[in-house]
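Take a look at the structure set out below.
The numbers here are math on the coordinates, done by the rules we state, and not lab data. Small disclaimer: the values here were computed from a predicted structure and weren't measured. Note that each Cβ is placed from the backbone with ideal geometry, even for glycine, and that neighbours are counted across all protein chains shown.
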Amino acid sequence: AQSVTQLDSQVPVFEEAPVELRCNYSSSVSVYLFWYVQYPNQGLQLLLKYLSGSTLVKGINGFEAEFNKSQTSFHLRKPSVHISDTAEYFCAVSDLNNNDMRFGAGTRLTVKP
Amino acid sequence: GAGVSQSPSNKVTEKGKDVELRCDPISGHTALYWYRQRLGQGLEFLIYFQGNSAPDKSGLPSDRFSAERTGESVSTLTIQRTQQEDSAVYLCASSLSTAQETQYFGPGTRLLVL
């Protein structure tokens, strides 16, 4: 079965700084990759997803992620973060053989003024 | 309704009691997932339903946990003889049939076992 590793449990950054949240996956077949975000006291919602085609995927709120097959990674980036980006970010993977999805443990992004 | 709904929103129970958590997916979504999120931790996959196929129960932590789904509608997660370590937020999500589809999450049920 597929699995996901998020290398950083917590990432503190200052406002307007760039940020990268790391995600590595493991699967024996082709995959679909997702980033979900959970803002404080809110439910999870999709940030962006990679299905096929261009390896650079753009999502909501200025976030983007790049699929790197050789490194089995799908890191999330934003060039300049805002206080409102403070949230928990989850990387997830599903593969073409089955429809279940596996989530990483999450990365808590805290943006400081 | 427009989204995934879950009930109850909060549940407090005594150790040893059974609890039932309910999930109403988005109409037309054939896939339904249950996850557990302990305080300060990530999402733990519990069980997955896809149409009329046998569910993927590989994530259920013990035989005290079970889930059912009626066709492509409501699902119930049952925890028997609850333990304090069962305290968590239980999240339900639904999606269209294929693996590439976005999952839509419900607000969760916060379970506290005393």
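Assorted remarks:
- A straight Cα-to-Cα reach below 25 Å connects residue B:15 with the lysines B:57, residues fewer than 8 places away in its own chain not being considered.
- Relative to the current alpha-carbon distance between residue A:72 and residue A:30, full extension at 0.36 nm per residue lengthens the span by 14.1 nm.
- Residues in the range B:63-76 carry Karplus couplings, in order, of 6, 6, 9, 8, 8, 9, 9, 8, x, 10, 10, 4, 10, 10 Hz; the curve used is 6.51 cos²θ - 1.76 cosθ + 1.60 with θ = phi - 60°, and Gly or Pro positions show x.
- For the protein assembly as shown, alpha-carbon Rg over 2.2 N^0.38 Å: 1.02
- Unit charges at the beta carbon, dipole of the range B:29-114: most positive-side option, B:112, B:76, B:65: B:112
- Couplings 3J(HN,Hα) of the range A:54-59, computed from phi: 3, 7, 9, 10, 9, x Hz, in residue order, whole Hz [Karplus 6.51 cos²θ - 1.76 cosθ + 1.60, θ = phi - 60°; x for Gly and Pro].
- Options A:47, A:61, B:6, ranked by Cα towards positive dipole end of the protein assembly as shown, top entry (Cβ charges): B:6
- Over all distinct Cα-Cα pairs of the range B:5-94, the Kirkwood formula returns a hydrodynamic radius of 13.3 Å.
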